[in-house]
Structure formats: structure tokens, C-alpha cells
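The structure under discussion appears below in the form of C-alpha cells.
The values are calculated or read from the model by the stated rules, or taken from the named source; none is laboratory data. In this text, all values refer to a predicted model and were calculated from it rather than measured experimentally. A quick note on method: Cβ atoms are made from the backbone with ideal geometry, for glycine too, and the neighbour counts reach across all protein chains shown. Calculation scope for accessible area: heavy atoms of the full protein, side chains included, ligands and nucleic acids excluded. Shrake-Rupley method; radii C 1.70, N 1.55, O 1.52, S 1.80 Å.
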Amino acid sequence: MAETHVLRITLTHPEPQRADPTVFHRQPQRYIAQGAGGARGEAEFAWPEMLEELQAFASAQRDAMEKSLGDRLRRFLTEALKQLEGIGGLERELSEAEARQQPLQLVFSFDAVELFALPWSLLRLQNGQSLGAHPWCQLHFEWVGDEAPEAVPIRWERVLFAWSEAGRPVPYDRHREALKQAWPAFDPNRHELENVTLAKLQEALREADRRNEPVQILHILCHGVELRDGSFGLAWSAPAARGGVQQVTGQDLRRLIASHKNSLKMVVLNACHGADPGRGGRLFGGVAHDLHREGIPYVIASQMPLSLEGSGWMAAALYQALFQDKDSVHAAFKKAQEALLPRFQDWASLQLFGFSHALPESRRRALRRSRRLVFSGEDTLPELVSGDLAVAYEVNQRIPTTPVLKALASAVHPEPDIAVLNPLGKVQDALPGTAKEWKTAFREADHFVRALMDREAQRLQPVLHLFGCAPLPLMFHLGWLLARHPLRAYQQPAGRRDTWIRGYDSNEDCSGVERFLRTDAWPTPEACRAAGGRVAVTVEVSRRIQDNLLQQWLGESPHPALLRLFPPGEPGQEAVRCPADAARALLDFQEYLNRIHDTLPDVQEVWLALACPASFAAALGRAFNPKAQAPLRLFNFRNAVEGYEPVHALPVGVRKRNSRR
């Protein structure tokens, strides 16, 4: 058979109206069709009407909805491609593929997650046939501009079959038999994982690596489950949980397999809604999307409910084609789809996610947009879109993509990737709430900076753009870790959660700026000695710390010697006027820490309490030098009753007392 021909249809948000690609608002939306040579077309998609029809189709009203859905998709694509080759170009390619008996690999490439929710297989051709039913059309979905991993091997040798009956029974025996028939080497004792849990899967993947038989295909059979945020996950076994069910998210699975993605080439999700991005109007996610964007070369999953019977047919056809017929992944997927034709809804909602290795790098970079990358401790940072990297530090609230990109629009081109540092895996005003959570948060920041340094060993340092919704000790700590790094920290104005402004810039020239931090009284050596070498430092920029809270923090006599630092005027929300103020404050704070070390010879530890903007705290963190200053202990303001609590001690270096006076 001749080599497969590839045709790509790329749809993106229009640049001037770019929306957050992880959120969908159920309203009509314009999209841009990207063609060769910079050609562009555009069309508006009527989402309210389509969502009603999708709901009806998902409810098994096939006869009434199939033609309507297909016609609506055709009208939209006809308008979008009008200024390019037109939909007639697609139909000519299909006719030529049929005449040559050569498959046409049709790649739908999107940068908006809602477009993946559409049943593109149903798009009606001029002859009334559905696109996915054309015998020579192989559909494939991918995210615009994602970096392709290395090409998958031609020879498929190892599968791990993981299943769970959490919630309801599943036909694991039919799937086991399908694997045995297609792959005679299948051994349930080595290649099957019953009642799968996250811990069991992690150990099974590690054990396969230890045997030098890394898993190439992960075949998962379980039930899908709708999560509280409107996205979908997997129902896995968890004997210790209520009902023996654990809800596994795409992010859970993504973090688990991240260290195995060099060997893991395909994940087959036999679960309802495995490729469903979520409910309209809420944050979109989806297990298949998370795995695909992690870099798994091929992910097969269903947008809608997948029947138990259909999952067995699909598995048998897929593995027969891969192991016995030696077909390509696209050809094997086509056979799996065809096996589902008796169960029309199963057939129409099955999707293959992949990467286009044939796409020229110049074209890929031209299409590439900002990616939102959720970092975990086992991750390595990918090649960046540009020489800049935005960091969304999410502890107390989520940081949407659109305001971040808006803040960077005038200064950074192309749009940078956004690394999401969410150390606790959730957001809440009161986090971190325990000593264990504080320890985890500080540790994850350490891991992130190490991963950043590993990336920089291969290229020049990117400029970091820090957007933080985290307690001040965490912001200070991250600023300290990035002390040698080009940094811009951004701040939300009071009451404006949709806006970010630059609060600090490491390149800011503050040579002509007057001292920002001042003090009315300097602690004496005698006071420091009487307090056992403890000095308490406050930075009171946004507000004054009330006397009762100060006394509660310092404790009973002999309490630490006290140094209070204030802005030029009264503390308040407007005290920091521009990035130059934060840059000047950094120098002032560094001078005060040095002076403590030089003039208080008995100092053993400095306590630090902050009342300032988050970006300001990140700037101050860059002033600390454990090799030249006294050890620093960070305190966090919990509330008006509990006051300040110790949360972290920065590492102690070997100090030398060289006078700077």
C-alpha cells in the first residue's frame, strides 16, 4: 500500500479575542482556520444550539440528531474554509484517496478544548456519507503546536491490562480474551492488574521497568465518573474509601505516568467519557486530554458513554490489527471504529489523539500557542515556546490564563508557556493549613526550581514572569530560590482578580530612587544578647501590625529584639507605587540583613513577619544570603486570633563576619 497522505485542518481562537483555552462559556464563538502560507479563514460556531443537540445525541436519540449534527458541522467548516481550499478540497482529497486505495489521515488540530467535544465523525459529506464512515478516512486529533515526542516503534510487544469493577462490573474476561487472541505472549500474572489503584499501577510500571520490559500500551477498563467541577475522571478501586471507589482525575494519572512516558506509547481508555472535556460553562479537563498533552504519543478514548459490549469489540479489533495484522496505529484505530458500527454512539464518539511528526518545525512553531503546564515534583519542564516562562503559583486561588496573557501581551512574544505550580493539588484561602502542607509546599517549590535549572543547563535562562496567589512566606521563599534568575513578579490590584500589573522587575534601575524601607529604632547588642540571639524583623508595607498581634508574636520576656521596617509614608494598599519601589526595597532589606549580621555579634536567628504585596515579598526573598547573613525563620499570619506562626527555616550557610561598614 502507498504511503498515507496527511491533510490537516487547524482551528484556533482569533488572536484579538483569544479566550482561556481551558474555559468554555456556552456562547457563539468565532474561530480561525489556519492555512498554508499564512492564509486564514474564519467562521462563527453557534454553540447554544449545538449543545442542545449534543445532549439529545448523548441521550441516544440517534435518528433525530445524526443528520442535524452532521449538517451543522458541515456548514461551520464550509464557512471556515471558504477563503482556503474550501470543504470541496477535503472531499477531493477523499475521492483521490479512494481512487488510489490510499488512506487519507485527516488531522483536526485545535487550540480550544471545546472543539474536541464535537462529534467530527458525523460531519456530512456532499454524498450524504458521514466523514468517519468513509472507508479511506483516518481521523486523528491533536492540540495546536504541542511538541511531538519521538516516533513510536513499529513493533508492539508489551501491554499492561489494568481494570477495576469499582461501582459496577466490567467485562474484564472479554478484554483478557481479546488480548490473548491477538498477543499470545499475554500472561495474566505479569500483564494484568485487577482492581487497579494508583499505587498498584505505579508499582506495576516500575516493576516492568526493573525487568527491562517497559510497558508500551496501557489498556484501562473501568467506569467513568463525573467530578464535582464538571470534568470527568475514572472510577478505580480504593478498598479503604467509602464503597471501595476512588475518583481518579486525568492529572492524577498524568503525574503517575510522567516518568514512564519515554517507553509508554499508547493509552487505551475503555471508560465512559474518557475523552469528554467536561460540562459547558465549567473548567474543561478530561483524562485523554491530560495524557495526550503529557506527551503520550497515542491516546484512544470515548467522548460519550461507551457500552460494555462495544468496549470488547473495540479491544478485539484494535489488538488484532496491531499485533497480528501489523497495521499502523491509524489503520488499527480505523478497524476498531468499524467494529463499533453496530453500536452507533460508540462509533461516533471514539477518538484518537496523536501527534503529527510530519509537520515541518517552522509550521509547528508558527501555530504554537501558550500551553498551561501543571508541574509536579517528578516533572521536567518541556522546551519552551519562547525565551520567557510564566509561573502561576496557585495555593489560595486559581489563576486563569487569559489575565496572565493579557498582562504579558505588550512585552512578550510569542505567548509564553504557563507553568502552574500548585503544590497541594488544590486551592483554598486557608492553605497551607498544617505543618505537613507547609512542608509539601516548600518542597514542591524546591523541585520546580531544580527542574528549571535542569532546563537551563541546555539553553539560556528564560525570563520568569511570576503570578502568585500564595501566602507571603511561600512567595518570599520562591523569590529566594530564584535570586540569580531574571524575574518579573506581578500583582493583583486590590479588588481586581481579573487584572495583573508588574510589581517587581529584576532589571529595574532604582539607582536614583530614595530609600524605601526605613526604621525608627535599631536594636542594641545588649537586647539581642538578652533575647538569646533572636531578632524579630517586620516589613509593614500594606498595613501596620497591631500592637496586640506583635506582642503575641514576640511572646513573653525576654522576647526577641525588634526591628520594624516601614515605607516612606503610612503603610497601606497604595504604599508601593511602581516596580522601582520594590527594587529599591530589595536593596534596603539586604542592607538591613547585612547590618544585623555585622552589628549584632550574638545574633543566632532572625524572625521575619511580612505585611506587604505578594510580588513585594518575592522581591525581598532575593535579598537573603545564607552565607553572609543570620539564619532566617519565616512566619505566616494566620488570623487575628492565632496571629503569626512559624512555618519554615531557610537553610543555614557558613557565615563569615566581614564588616561592611
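Here are the numbers for this structure:
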| quantity | calculated |
| --- | --- |
| Among the candidates GLU192, GLU142, residue that is in contact with a helix residue (DSSP H, G or I) (Cβ under 7 Å, 6 or more places away or on another chain), under 27 Å from ASP290 (Cβ atoms), acidic (Asp, Glu) and surrounded by 15 or more Cβ atoms within 10 Å (Cβ to Cβ) | GLU192 |
| Unmet criterion (only one of (1) touching a strand residue (DSSP E or B) at 6+ places or on another chain (Cβ under 9 Å); (2) part of a loop (DSSP other than H, G, I, E, B)) for SER557 | (1) |
| Which numbered condition VAL170 misses (of (1) assigned to a loop (DSSP other than H, G, I, E, B); (2) free of Cβ contacts under 8 Å to residues at least 40 places away in the same chain; (3) not charged (D, E, K, R)) | (2) |
| When residues of the range 632-649 are limited to those that are of a type in the set (A, V, I, L, M) and under 13 Å from TRP438 (Cα atoms), the one most open to solvent (accessible area, probe 1.4 Å) | ALA649 |
| Residues satisfying the stated conditions in the range 604-618, i.e. buried (at least 24 other Cβ atoms within 10 Å of the Cβ) and more than 18 Å from PHE566 (Cβ to Cβ) | ALA614, SER615, ALA618 |
| Qualifying residue in the range 517-533 (condition: part of a strand (DSSP E or B), within 27 Å of ARG638 (Cα to Cα), touching a residue at least 12 places away in the same chain (Cβ under 8 Å) and of a type in the set (Ser, Thr, Tyr)) | no |
| Subset of the range 205-261 (residues that are more than 19 Å from GLY425 (Cβ to Cβ) and at pLDDT below 85) | PRO239, ARG242, GLY243, GLY244, LYS261 |
| Residues that are open to solvent by less than 70 Å² (accessible area, probe 1.4 Å) and in contact with a helix residue (DSSP H, G or I) (Cβ under 7 Å, 6 or more places away or on another chain), drawn from the range 514-524 | PHE516, LEU517 |
| Unique residue being under 35 Å from the mean Cα position of the chain (by Cα) and without any contact (Cβ under 8 Å) to a residue 60 or more places away in the chain when the list is ARG584, ARG577 | ARG577 |
| Hits in the range 109-136 (condition: assigned to a loop (DSSP other than H, G, I, E, B) and small (Gly, Ala, Ser)) | ALA112, GLY128 |
| Within the range 322-382, helices (runs of 4 or more DSSP H) holding 1 or more residues that are open to solvent by less than 30 Å² (accessible area, probe 1.4 Å), at pLDDT 75 or above and out of contact with any helix residue (DSSP H, G or I) (no Cβ under 6 Å at 6 or more places or on another chain) | 329-339, 344-349 |
| Odd one out for LEU106 among (1) buried (at least 17 other Cβ atoms within 10 Å of the Cβ); (2) at pLDDT 90 or above; (3) outside any strand (DSSP E or B) | (3) |
| Residues (over 20 Å from GLY274 (Cα atoms), buried (at least 21 other Cβ atoms within 10 Å of the Cβ) and over 24 Å from the mean Cα position of the chain (by Cα)) located in the range 195-235 | VAL215 |
| Options GLN397, GLN428; residue that is part of a loop (DSSP other than H, G, I, E, B), of a type in the set (S, T, N, Q), modelled with pLDDT of 85 or more and open to solvent by less than 50 Å² (accessible area, probe 1.4 Å) | GLN397 |
| Residue that is nearest to SER356 (Cα to Cα), among those in the range 290-313 that are open to solvent by less than 30 Å² (accessible area, probe 1.4 Å), of a type in the set (A, V, I, L, M, F, W, C) and outside any strand (DSSP E or B) | ILE296 |
| Set ALA97, ALA43: member being in a helix (DSSP H, G or I) and surrounded by 15 or more Cβ atoms within 10 Å (Cβ to Cβ) | ALA97 |
| Count of residues meeting criterion [touching a residue at least 24 places away in the same chain (Cβ under 8 Å) and either touching a Leu at 6+ places or on another chain (Cβ under 8 Å) or not small (Gly, Ala, Ser) (or both)] in the range 493-516 | 16 |
| Residue in the range 490-513 that is over 19 Å from LEU408 (Cα atoms) and crowded, with 22+ Cβ neighbours inside 10 Å present | no |
| Conditions (1) of a type outside the set (D, E, K, R); (2) within 42 Å of the chain's Cα centre (by Cα); (3) surrounded by fewer than 19 Cβ atoms within 10 Å (Cβ to Cβ): number failed by LEU565 | (3) |
| Residue within the range 385-394 that is surrounded by 20 or more Cβ atoms within 10 Å (Cβ to Cβ), at pLDDT below 90, in a loop (DSSP other than H, G, I, E, B) and among the acidic types (Asp, Glu) present | no |
| Residue in the range 570-603 that is nearest to ARG543 (Cα to Cα), counting only those that are of a type in the set (Val, Ile, Thr) and not in a helix (DSSP H, G or I) | VAL576 |
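Yes or no, residue by residue, for (1) surrounded by fewer than 19 Cβ atoms within 10 Å (Cβ to Cβ); (2) in contact with a Cys (Cβ under 8 Å, 6 or more places away or on another chain):
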position: PRO558; (1), (2): yes, no
position: ASN594; (1), (2): no, no
position: ASP602; (1), (2): yes, yes
position: ALA623; (1), (2): no, no
position: ALA630; (1), (2): no, no
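Results for (1) more than 35 Å from the chain's Cα centre (by Cα); (2) surrounded by fewer than 21 Cβ atoms within 10 Å (Cβ to Cβ), shown as yes or no for each residue.
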residue: ASP71; (1), (2): no, yes
residue: GLY88; (1), (2): yes, yes
residue: ARG92; (1), (2): yes, yes
residue: GLN102; (1), (2): yes, yes
residue: LEU118; (1), (2): no, yes
residue: LEU125; (1), (2): yes, yes
residue: GLY128; (1), (2): yes, yes
residue: GLN138; (1), (2): no, no
